[in-house]
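Asker: Take this structure first; my questions come after.
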Amino acid sequence: MGTEGREISHDVPPYLRVYADGTIERLAATEFAPAAFDPATSVTSKDVVIDPDTGVFARIYRPANAGKNLPLVVYFHGGAFFLSSVGDPNYHGFLNVLVAKVNVVLVSVNYRKAPEHPLPAAYDDSWAALQWIAGKGTEDWLINSVDFSRVFLAGDSAGANISHHMAIKARKSDPVLGLKLEGIIMIHPYFWGENPIGIEVEDKVRKAMVDKWWEFVCPSNQGGQDSSLINPFVNGVSALADLACERIIVCVAGKDILRDRGKLYYESLVKSKWGGKAEIIETEEEDHVFHIFDPYSDKAVLLVKRLNGFINQNC
């Protein structure tokens with residue numbers, strides 16, 4: 001049955017439509033690159049099921065000549081909680097480069113997405129992935145190559161948001177997670193709020209666009225634009241003290257509508273009682289998640305270099 005003339009209940013252009021009969025038409029970010037050996041970087045990847053009941057899985061990346069005692073990066077992809085996957089060719093290509101340049105083992109989590117699975121499904125799946133990693137299980141790429149005292153959470157956009165919430169939950173979880181988090185890498189983090197700040201004040205078109213994205217993925221009873229899921233400052237900065245890591249780097253892009261939320265996050269970290277070390281870097285004249293579209297561009301290469309310094313600074 002075609003879609004022409006059918007009633008649309010939700011339209012999120014140019015990415016997705018939901019029809020009145022419940023049919024979901026995804027219009028972008030549907031390509032899926034398989035896990036494989038990447039000849040350009042000599043990085044190998046494979047997919048591993050984490051939870052057969054939910055279908056959650058991860059893509060594990062290992063650099064050439066991996067050896068032992070490498071840092072582990074747990075990566076959560078972006079996409080506003082309703083787009084993309086670990087097999088998105090843009091993410092797959094960027095993570096191959098990141099793993100090769102930084103010399104880490106990386107686990108990219110394929111969490112469930114809205115609207116089929118509204119929030120908090122993505123958070124639940126991400127936590128399940130961390131529990132699976134903490135259990136180590138029988139995954140030889142982790143057992144044989146990872147130093148579990150050097151674990152980093154990382155993500156861009158919605159994935160950076162997830163990293164924040166996973167680090168909070170790791171501090172408060174009972175039973176304890178059993179995984180020491182050294183740091184968080186937050187690239188163009190997806191935080192938001194009802195009242196506009198910075199660039200959002202003048203850019204009303206993009207402000208309305210992001211408002212609509214959040215309303216689409218989060219149930220209405222969760223607090224809207226000032227839900228603590230999307231606005232970590234709605235109750236002040238005290239919650240940041242619960243971040244279970246020692247270091248955080250926040251990356252923002254000069255043209256990104258989310259830029260000032262990332263800056264606010266960094267400034268709030270500095271003012272909070274968290275007690276760790278925070279860094280911020282801004283890439284001028286670039287927009288949201290520019291690094292995944294051309295990981296070999298000069299500015300993406302520089303970003304990866306900075307992340308390498310952050311992860312391997314004690315080596």
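Asker: Positive end of the charge dipole of the chain (Lys, Arg +1 and Asp, Glu -1 on Cβ, about the Cα centre): tell me which of Gly55, Ile281, Gly93 has its Cα farthest that way.
Answerer: Ile281
Asker: Is the shape of segment 124-165 rounded, prolate or oblate, going by the alpha carbon gyration tensor and its root eigenvalues a ≥ b ≥ c, with a/c under 1.5 for rounded and a/b larger than b/c for prolate?
Answerer: It is prolate, given that a/c is not under 1.5 and a/b is the larger ratio.
Asker: Which residues among segment 199-231 fall inside the zone where the amide N is under 19 Å from a point 7 Å beyond the Cα of Val270, along Cα→Cβ?
Answerer: Counting only backbone N, you get 199.
Asker: Something else: With charges only on Cβ, +1 for K and R and -1 for D and E, what is the dipole size of segment 102-237 about its Cα centre, in debye, rounded to 20?
Answerer: So the dipole magnitude of segment 102-237 works out to roughly 180 debye.
Asker: Let me ask something else about it. Quick one: putting +1 on the C-beta of Lys and Arg, -1 on the C-beta of Asp and Glu, what dipole do you get for the chain around its Cα centre, in Debye to the nearest 20?
Answerer: With only Lys, Arg, Asp and Glu charged at Cβ, the dipole is about 1020 debye.
Asker: Leaving ligands, DNA and RNA out of it, report the carbon-plus-sulfur percent of the accessible area of the chain at a 1.4 Å probe.
Answerer: 51
Asker: Order 201-213, 245-257 from most to least packed using the mean count of other Cβ atoms within 10 Å.
Answerer: 245-257, 201-213
Asker: Please compute the modelled spin-label separation between Val205 and Glu25, points set 7 Å along Cα→Cβ, answer in nm with one decimal.
Answerer: 2.4
Asker: Please tell me the relative contact order of segment 181-315 in percent, rounded to the nearest whole number, where contacts are Cα pairs under 8 Å and at least six residues apart.
Answerer: 29
Asker: Using Cα positions and a limit of under 29 Å, work out the lysines in reach of Lys172, with same-chain residues fewer than 8 apart set aside.
Answerer: In chain and number order, the partners are Lys113, Lys136, Lys180, Lys263, Lys271, Lys273, Lys277.
Asker: Please identify the DSSP H helices in the chain that span no less than 15 Å along the helix axis (Cα) and have a mean Kyte-Doolittle hydropathy of 0.5 or more.
Answerer: 89-102, 298-311
Asker: Another question, then. Mind checking which of Phe32, Phe76, Phe148 has the largest fluctuation in a GNM of the chain, springs on alpha carbons under 10 Å?
Answerer: Fluctuation is largest for Phe32.
Asker: A further question on this structure: Could you give the dipole magnitude of segment 243-283 about its Cα centre, charging the beta-carbon of Lys and Arg +1 and that of Asp and Glu -1, in debye to the nearest 20?
Answerer: That gives segment 243-283 a dipole magnitude of about 100 debye.
Asker: Based on the inverse mean of 1/r over its pairs of different Cα atoms, what is the Kirkwood hydrodynamic radius of segment 175-291, in Å?
Answerer: Result for segment 175-291, one decimal place: 15.2 Å.
Asker: Keeping all protein chains in place, calculate the accessible area per residue for the chain (probe 1.4 angstrom), answer in Å².
Answerer: 43
Asker: Then there's this: (1) 28, 24, 20; (2) 35, 30, 17; (3) 32, 22, 20: which one is semi-axes √(5λ) of the Cα gyration tensor in Å as calculated from this entry?
Answerer: (1)
Asker: How much FRET efficiency would the formula 1/(1 + (r/R0)^6) give for Glu246 and Asp124, where r is the Cβ-Cβ distance and R0 is 30 Å, rounded to 0.05?
Answerer: After rounding, the FRET efficiency stands at 0.70.
Asker: Please work out whether segment 66-183 counts as rounded, prolate or oblate from its C-alpha gyration tensor, where a ≥ b ≥ c are the square roots of the eigenvalues and a/c under 1.5 means rounded, while otherwise a/b larger than b/c means prolate and anything else oblate?
Answerer: Oblate shape, in that a/c is at least 1.5 and b/c is the bigger or equal ratio.
Asker: Right, another one. ³J(HN,Hα) across segment 181-198 via Karplus (A = 6.51, B = -1.76, C = 1.60, θ = phi - 60°), whole Hz, x for Gly/Pro?
Answerer: The phi angles translate into 9, 7, x, 10, 10, 10, 9, 6, x, 8, 10, 7, x, 5, 8, x, 10, x Hz.
Asker: If R₀ is 41 angstrom, what is the calculated FRET efficiency for the pair Arg6 and Ala134, using the beta carbon separation as r and rounding to 0.05?
Answerer: Between Arg6 and Ala134 the formula returns 0.35.
The values are calculated or read from the model by the stated rules, or taken from the named source; none is laboratory data. All values derive from a computational prediction rather than experimental measurement. Note that we place each Cβ from the backbone using ideal geometry, even for glycine, and neighbour counts take in every protein chain shown. What goes into the accessible areas is simple: the full protein's heavy atoms, side chains included, and nothing from ligands, DNA or RNA. Shrake-Rupley method; radii C 1.70, N 1.55, O 1.52, S 1.80 Å.
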